[in-house]
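Reviewing the structure listed below.
The values are calculated or read from the model by the stated rules, or taken from the named source; none is laboratory data. On a predicted model such as this, the values are computed, not experimentally measured, just so you know. Neighbour counts run over all protein chains shown; Cβ positions are idealised from the backbone, glycine included. Accessible surface areas use protein heavy atoms only, side chains included; no ligands, DNA or RNA. Shrake-Rupley method; radii C 1.70, N 1.55, O 1.52, S 1.80 Å.
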Amino acid sequence: MKKKYQNGFFIFGLLVLAVMVTQLDFSEVWSGLLHTGYWFLAVLALWSVLYVLNTASWYVLIRCQADEKLPVSFWWLYKITVSAFALNYATPGGLMGGEPYRVMSLAPKIGTERASSSVILFVMTHIFSHFWFWLLSILLYVCTQPVNFFMGTVLTLVGAFCLLGIWFFMVGYRKGLAVRAMKILRCIPFVKKWAQRLIETRREQLDTIDAQIAALHRQKLGVFFTVFFLELLCRVGAALEVFFILLIILPSVNFVQCILILAFTSLFANLLFFMPLQLGGREGGFLMSVNGLGMTASAGSFVALIVRVRELVWTGIGLLLIKFEKCKPTR
């Protein structure tokens, strides 16, 4: 990646991170960290493992497209993965930051089309696993929690939303998603001119990327299910973070409750995808989800605070890792 682009990603992410840090109540953060103690280190360590799962799924996708030995190592890809998620956290619109960074970092090593298709496939499977995680959590809720009319209505609507999302991505896997995504962006203000210009000038490359996406799903189902399993495992593993934090104040909490809390919170926060670090959405999601499971609002606030601090720490780490990239000219 060219140095000017690398510095651009770094400076933009750093500025947004600085703004978000100023929104914190430092006395509240310090009090929460003292109360959390060594469990906060366990939370940080957990995410170092979860990023390994994310990297492994992307690595599998890149390997399946290569006929020769990959010119990238797993740990180099791990560094890019952490930085990409940091940019996604800090960028309004989420994927508008991290995914271009992935493509621009990987393109000089394997070519733009292969880099783009691997990133699109990773993002598709990452989001696809979220829909399955939410759908399976509905079944888990019905099996473990009392369901009244209101909750039954909410779960039905959420279930319909998840099934619609799963159908959309299944069509995308069979026919490709690059051109369709550009056509959707063409209808969105501020980016529609850029999307139209990209379709007109890069239609052949977009068609090639779609062909690669469809070929993977059609010819290499084993790869598809491996990547999907890794991403779904990552969603379930992330519930350990909620479990670790709640154990401090609620020793009776169980892992199933933590899965349900994470599922509802992540769904609510992703509906507010346009907010950097999902500010407000994640906190509101934690408060509503713990209240729905009969826990106190203070428990939800405490979890939200520690999760927010963890996100800021890993965002800072990811942004610093950008500066450890050796700059090379793109192909």
Taking the conditions exactly as written (farther than 23 Å from V303 by Cα and in a helix (DSSP H, G or I)), does V29 satisfy them or not? no
Considering the stretch 302-324 alone, what residues qualify as being among the β-branched types (V, I, T) and crowded, with 22+ Cβ neighbours inside 10 Å? V303, I306, T315, I322
Of everything in the stretch 24-78 that's among the β-branched types (V, I, T) and modelled with pLDDT of 80 or more, which residue is most open to solvent (accessible area, probe 1.4 Å)? V49
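Filter the stretch 222-237 for residues that are open to solvent by 10 Å² or more (accessible area, probe 1.4 Å) and aliphatic (A, V, I, L, M) and give the result.
Result: V223, L230, L232, L233, V236.
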Inspect the stretch 174-186 for any residue being open to solvent by less than 60 Å² (accessible area, probe 1.4 Å) and modelled with pLDDT of 80 or more and give the result as yes or no. no
Which ones in the stretch 96-123 are buried (at least 22 other Cβ atoms within 10 Å of the Cβ) and aliphatic (A, V, I, L, M)? L106, A115, V119, I120, L121
Pairing a residue in the stretch 301-330 that is within 15 Å of L33 (Cβ to Cβ) and among the charged types (D, E, K, R) with any residue that is modelled with pLDDT of 85 or more and crowded, with 19+ Cβ neighbours inside 10 Å, where Cβ atoms lie under 6 Å and the two sit 6 or more apart in sequence or on different chains, gives R310/V43
Answer with yes or no whether V158 is in contact with a helix residue (DSSP H, G or I) (Cβ under 7 Å, 6 or more places away or on another chain), modelled with pLDDT of 90 or more and not polar (S, T, N, Q). yes
Looking at the stretch 299-315, which of its residues are among the hydroxyl-bearing types (S, T, Y) and modelled with pLDDT under 80? none
